[in-house]
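The next block holds one structure in the form of structure tokens; read it before the comments.
The values are calculated or read from the model by the stated rules, or taken from the named source; none is laboratory data. Remember, it's a predicted structure, so these values are computed and weren't measured experimentally. Heads up, the Cβs are rebuilt from the backbone with ideal geometry, glycines too, and the neighbour counts pull from every protein chain shown. We work out accessible area using only protein heavy atoms, side chains counted, and drop any ligands, DNA or RNA first. Shrake-Rupley method; radii C 1.70, N 1.55, O 1.52, S 1.80 Å.
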Amino acid sequence: QIVGARVGDLMPRSEPQNIAYLHALSRNDYRLTDYETHEVDRYGNAKYFLNNLTVVQENGMLVRGWGTQRDITEQKRAADVLRSSEERLRRITDATQDALWEIDLKTNHLWWSEGARPLFGRSPGELQIGLEDWYEGIHPEDAERVRTEFEKFMRGKDSDWADQYRFRGA
């Protein structure tokens, strides 16, 4: 697909990243490592590559080059889809007044949504605490019941966990 093609056809100059690539190549003695480019294939489809390149000069002219080029188009698309999904989730969690939370079972780290602020009198940053801290925040009259039921859920004894309890605010 690239035999006889001009660099400008493969790397459109309308893409600032491609101009930056060519400038970086000349500034780095015509050697680049893990440099990302946005290109188009012969059908005009957008492609993204991770490049390693070395170019040889003779009498100030570029005469040959070699390197590797790994197609990362699907990875870029997947990252864009993930970024979009995360942004949508952030907007949803910001829109609700409920305190949404998630626990990382490996680290026992808790994440809380912005809805935690009015409910608990603390910002989500102040509520990014561990599981034991969460247990300590539960009202003493509810603590033992909640801990027992939640630990049963964590051990896989129950497939769902839902409960009502009081949580001490700031």
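For this structure, a couple of remarks:
- For the range 99-117, a residue qualifies if it is of a type outside the set (A, V, I, L, M) and exposed (fewer than 12 other Cβ atoms within 10 Å of the Cβ), and the qualifying residues are Glu102, Asp104, Lys106, Thr107.
- Members of the range 130-170 found to be in contact with a helix residue (DSSP H, G or I) (Cβ under 8 Å, 6 or more places away or on another chain), open to solvent by 60 Å² or more (accessible area, probe 1.4 Å) and of a type in the set (A, V, I, L, M), listed by number: Ala170
- Just one of the listed residues (Ser14, Ser85) is in a helix (DSSP H, G or I) and of a type in the set (Ser, Thr, Tyr), namely Ser85.
- Pairing each residue of the range 142-155 that is at negative phi with any residue that is among the aromatic types (Phe, Trp, Tyr) and in a helix (DSSP H, G or I), provided the two are 6+ apart or on different chains, yields C-beta distances under 6 Å for Arg147/Tyr135.
- From the options Leu53, Leu62, residue that is in contact (Cβ under 8 Å) with a residue 12 or more places away in the chain, at negative phi, touching a helix residue (DSSP H, G or I) at 6+ places or on another chain (Cβ under 9 Å) and assigned to a strand (DSSP E or B): Leu53
- Close pairs (6 angstrom Cβ cut-off, 6 or more residues apart or separate chains): among the aliphatic types (A, V, I, L, M) in the range 95-107, open to solvent by 90 Å² or more (accessible area, probe 1.4 Å) anywhere: Ala99/Leu119
- Candidate set from the range 23-44 (those that are part of a helix (DSSP H, G or I) and open to solvent by 60 Å² or more (accessible area, probe 1.4 Å)); member that is farthest from Lys76 (Cα to Cα): Arg27
- Residues satisfying the stated conditions in the range 45-85, i.e. surrounded by fewer than 11 Cβ atoms within 10 Å (Cβ to Cβ), over 21 Å from His23 (Cα atoms) and more than 21 Å from the chain's Cα centre (by Cα): Asn45
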